[in-house]
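Chemist: What follows is a single structure, and I will ask about it in a moment.
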Amino acid sequence: MRNSILPVTVLTGFLGSGKTSLINRILKGDHGKRIAVMVNDFGRINIDEMLISSIDGNIVTLENGCACCSLANDLAMSFQQVLPLSPDHIFVEASGVANPYAIVRTIQRPALRNSVQLDSVIAMVDAAEFPSLYASGGNANLRNLIVDQITVADIIIVNKIDLVSEAELNEVKRQVQQIARWARLITTCYADIPMDIVMNLDIKPKAASPYSAVKADIGNHHNLFDSWSFISDRPFSLSALKKQLNQLPASILRAKGVLMTSELPEERIILQQVGVRSNFTHGGAWAKQTRRSQLVLIGLAGNLDKSQLQHSFECCLAG
């Protein structure tokens, strides 16, 4: 049964940073999800005609169940057009010259609270162009826009790293992290990012025993990203878990799980965390399902201290 409150990811970044490339990867990706993408300039999305199932006004539906929709001037109205499509996840592409805070505020309006929920904000940065844009030649408005597009983000993707030297890339990373120290930073070419980082794919348990593996789908990116999993038949202390999640190192990009807690023992708690932004939602009664917590963390390869993570999350168990 599909969750009635849909997760929304806002994709921001200056013109030419790679947002369209990432959107195309999302629309054509082999993730098994029905994705709705809301874009400003529909003509820039290069959709193969062979992939199109139907066209209805400003909505194009693909054979894989994904859909692409042109943004109306009223974002809330655009959501009303997309919701009947019953997507699993909605992506909103902010214009390259738009301040994304306005989009975030719209998503968080009380009127939309029962329909959509902000999952994450992803900012795209062009590694080659960022230094000159950030310097902006004395144009304070442009510099402020670039800063806003970065400070709003949970995850920052520094794209087109093939166009810069290692020294130049390190300087871009230093400047970006100086602007938004709390954000998680990823470097890539051609917007090639695992879908499990971009959106909240379901966790995939492989075994029923405590502390057994739970799979995170990072595709062919094993040399860049890694995952760690935790399964326990004991309940979490929700308060202790929240404190631990707030203290995760910057190398952890996303956390997700289905949780059993001591505070709400009869109810499944769903966790979705991107960067430092976490959402806990009610997943319904356990009923006849086995009561077990399953947690997955995805981070940068070589930067996950798995023994420390094991100890830290075991300390969050109740009793």
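The values are calculated or read from the model by the stated rules, or taken from the named source; none is laboratory data. It should be emphasised that the depicted structure is a prediction, and the values quoted were computed from it without experimental measurement. Heads up, the Cβs are rebuilt from the backbone with ideal geometry, glycines too, and the neighbour counts pull from every protein chain shown.
Chemist: Identify, from the list ILE269, ILE298, the residue that is closer than 22 Å to LEU6 by Cβ, β-branched (Val, Ile, Thr), without any contact (Cβ under 8 Å) to a residue 40 or more places away in the chain and touching a strand residue (DSSP E or B) at 6+ places or on another chain (Cβ under 6 Å).
Modeler: On inspection, the qualifying residue turns out to be ILE269.
Chemist: Can you tell me which residue is modelled with the lowest pLDDT among those in segment 253-281 that are in a loop (DSSP other than H, G, I, E, B) and of a type in the set (A, V, I, L, M)?
Modeler: Out of the qualifying residues, it is VAL276.
Chemist: It is to be established whether one or more residues within segment 45-55 are of a type outside the set (Phe, Trp, Tyr), modelled with pLDDT of 85 or more and not in a strand (DSSP E or B).
Modeler: Filtering segment 45-55 for residues of a type outside the set (Phe, Trp, Tyr) gives 45-55.
Restricting the remaining residues to those that are modelled with pLDDT of 85 or more gives none.
Checking segment 45-55: not a single residue is of a type outside the set (Phe, Trp, Tyr), modelled with pLDDT of 85 or more and not in a strand (DSSP E or B).
Chemist: Now, a different point. May I ask you to list pairs of residues, at least six apart or on different chains, whose Cβ atoms are under 8 Å apart, with the first in segment 230-257 being within 18 Å of THR281 (Cβ to Cβ) and the second being part of a helix (DSSP H, G or I)?
Modeler: So the pair list comes out as LEU241/PHE313; ARG254/ASP196; ARG254/ILE197; ALA255/LEU245.
Chemist: Quick check on this structure: which one of ALA240, ALA207, ALA250 is surrounded by fewer than 20 Cβ atoms within 10 Å (Cβ to Cβ), modelled with pLDDT under 50 and not in a strand (DSSP E or B)?
Modeler: Exactly one residue qualifies, and that residue is ALA207.
Chemist: Another question, then. Could you say whether any residue in segment 163-178 is more than 15 Å from THR12 (Cα to Cα) and touching a Leu at 6+ places or on another chain (Cβ under 8 Å)?
Modeler: yes
Chemist: Return the total of residues in segment 75-123 being more than 21 Å from SER278 (Cα to Cα), aliphatic (A, V, I, L, M) and outside any helix (DSSP H, G or I).
Modeler: Adding up the residues that qualify gives 3.
Each row is one residue, and each column tells you yes or no for (1) assigned by TED's automatic domain parsing to the domain that holds SER17; (2) under 21 Å from the mean Cα position of the chain (by Cα); (3) over 23 Å from ARG25 (Cα atoms).
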{"residue": "THR61", "(1), (2), (3)": "yes, no, no"}
{"residue": "ASP74", "(1), (2), (3)": "yes, no, yes"}
{"residue": "PHE79", "(1), (2), (3)": "yes, yes, no"}
{"residue": "VAL92", "(1), (2), (3)": "yes, yes, no"}
{"residue": "SER95", "(1), (2), (3)": "yes, yes, no"}
{"residue": "ASN99", "(1), (2), (3)": "yes, yes, yes"}
{"residue": "ARG105", "(1), (2), (3)": "yes, yes, yes"}
{"residue": "ASN114", "(1), (2), (3)": "yes, yes, yes"}
{"residue": "MET124", "(1), (2), (3)": "yes, yes, no"}
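Chemist: Let me ask you something else. Considering (1) surrounded by 20 or more Cβ atoms within 10 Å (Cβ to Cβ); (2) of a type outside the set (S, T, N, Q); (3) modelled with pLDDT under 90, say which one GLY96 fails and leave the rest.
Modeler: All conditions are met except number (1).
Chemist: Here's a follow-up. Let me spell it out: the conditions are (1) within 30 Å of THR261 (Cα to Cα); (2) modelled with pLDDT of 70 or more; (3) out of contact with any Ser or Thr (no Cβ under 8 Å at 6 or more places or on another chain), and ILE193 meets all of them except one. Which number is the exception?
Modeler: Result: ILE193 passes all but (1).
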